[in-house]
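Here's the structure we're looking at; comments come further down.
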Amino acid sequence: MNRQQLLLIQLGEELAEVQKDISKALGFGLDSQYPQGSPTNAENIAQEFNEAIAVFSMLENTEGFVALPPVTTIRIQEEKINKVNKYLQHSISYGTLVEDKNEPFEYKMICPECQSKDINFTIKNKEDLISTSWEKGKGTPDKEFLEYYEYDFYYKVKVRKKHFVCTCQDCNHFWRQNTAFAEKLKKSI
């Protein structure tokens, strides 16, 4: 056995440790400690992951192993984030992933105003209260997604049907997106 083979074995072992600690976190929670007073599952995941990175960096210095330039590494990471976000949306559209209403959902698409791909999504569910006011709202009501209620002394806006609220992080353009585009994802995945 040579140095490179030994490092490959070590890398496999470290990644197996990461996988084991992830399984423990899924079973018992990220904050769980066993025995009491030992590191949490979250801390164990971080520890093992960093150990795997250390072994990987040693492996990069062996003959025949191809190290990627930083710009390529960043591109690969961005592509993976976009791909994971796409599959998260796919899972939501099938109902297998239930997300926290307060947590913005990330899915990359293009802003119609500035062509930026830095878009933040939040899902609005049917019957969510958008706003109440003593004054009638300004602008054109979005009757496809929202319901407007006019009372004697105030106004209320509620969600008519589930949709995404999209905001471009570059130009602050704001729009509502039908969740039907998730159906297109099903066909493209």
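For residues that are more than 23 Å from Phe56 (Cβ to Cβ) and either aromatic (Phe, Trp, Tyr) or in contact with a Phe, Trp or Tyr (Cβ under 6 Å, 6 or more places away or on another chain) (or both), tally how many sit in segment 1-39. Of the residues in segment 1-39, 2 are more than 23 Å from Phe56 (Cβ to Cβ) and either aromatic (Phe, Trp, Tyr) or in contact with a Phe, Trp or Tyr (Cβ under 6 Å, 6 or more places away or on another chain) (or both). Looking only at residues that are modelled with pLDDT of 75 or more and of a type outside the set (A, V, I, L, M, F, W, C) in segment 164-189, which one is surrounded by the most Cβ atoms within 10 Å (Cβ to Cβ)? Here the residue is Thr167. Out of Ala52, Ala46, Ala42, one residue alone is at pLDDT 90 or above, over 28 Å from Asn2 (Cα atoms) and in contact with a Leu (Cβ under 7 Å, 6 or more places away or on another chain). It is Ala42. Return yes or no: is Leu6 assigned to a loop (DSSP other than H, G, I, E, B) and either within 21 Å of the chain's Cα centre (by Cα) or surrounded by 12 or more Cβ atoms within 10 Å (Cβ to Cβ) (or both)? Answer is no for this residue.
The values are calculated or read from the model by the stated rules, or taken from the named source; none is laboratory data. Note that this is a predicted model, so its numbers are computed, not measured. All Cβ positions, glycine included, derive from the backbone under ideal geometry; neighbour counts span all protein chains shown.
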